[in-house]
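To keep things clear, I will list the structure first and then write my remarks on it.
Readers should treat all values here as calculations from the given coordinates under stated rules, not as data from a laboratory. Note that the structure is a prediction, hence the values are computed from the model and not measured. No Cβ is skipped: glycine too gets one built from the backbone with ideal geometry, and neighbour counts run over all protein chains shown.
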Amino acid sequence: MDTVKTETTSGLEHTECVAEAAVEIFNATCGVTLEPLAEVENLAGDGVIIAVISLVGDVEWSVFLGLPKDTASAAAAKFAGFEIPFESADMGDAIGELTNMLAGQVKALLDQRGVKADISLPSVMRADNMSILVQRDSAGEKTCFNSPLGKLWTGVIVGHGGSIVA
């Protein structure tokens, strides 16, 4: 699995749990297999939705799920069982719940390793284009996937003051 890491790599222990959880959750909720891409791509084009959840405890992470417009629409329909317009509030609810399940699985995987963390509620944002920016005292990792629904990415920002900027 190819990931992108910032220059600062401290605190990245266990971050592989995020990609592992994404594979498990998309299989369980949408019935699809995620295949890691060899190269990290910029997946934002004519619209993107990204959801972020904080994990706080033995780790201080911001876990995120990002989906381009077409992938978000396909994933939300598979998850909910009916079409959800990309511009609707229901899209935010669907992707927020998928991200909540993702973070819950990350928490379960961390618990198995003896790493304790509590999770926040998701924050969901929709934009025309989005970049992930990490402050110098933080580290980050992003994994891109291909699936029958389209491409998507997951990742984690580790440390104090990490930010995601639209």
Item to check | FRET E, pair residue 113, residue 88, Förster distance 35 Å, beta-carbon r, rounded to 0.05 | outcome: 0.40
Checklist entry - Which order do 144, 30 fall in if you start with the one that has the fewest other Cβ atoms within 10 Å? => result 30, 144
Next on the checklist: For residue 116, give me every one of the aspartates and glutamates with a C-alpha distance below 17 angstrom, ignoring sequence neighbours fewer than eight places off in its own chain.
Outcome noted: 13, 16, 58, 60
Item to check | Cα→Cβ-extended label distance, 7 Å offset, between residue 46 and residue 80, nm | outcome: 2.0
Checklist outcome for this item: Rounded to one decimal in nm, the spacing of the 7 Å Cα→Cβ label points at residue 127 and residue 20 is 3.0
Next on the checklist: Quick check on the exposure proxy: order 65, 152 from fewest to most C-beta atoms within 10 angstrom.
Outcome noted: 152, 65
Item to check | Residues 29, 99, sorted so that the one with the fewest Cβ neighbours within 10 Å comes first | outcome: 29, 99
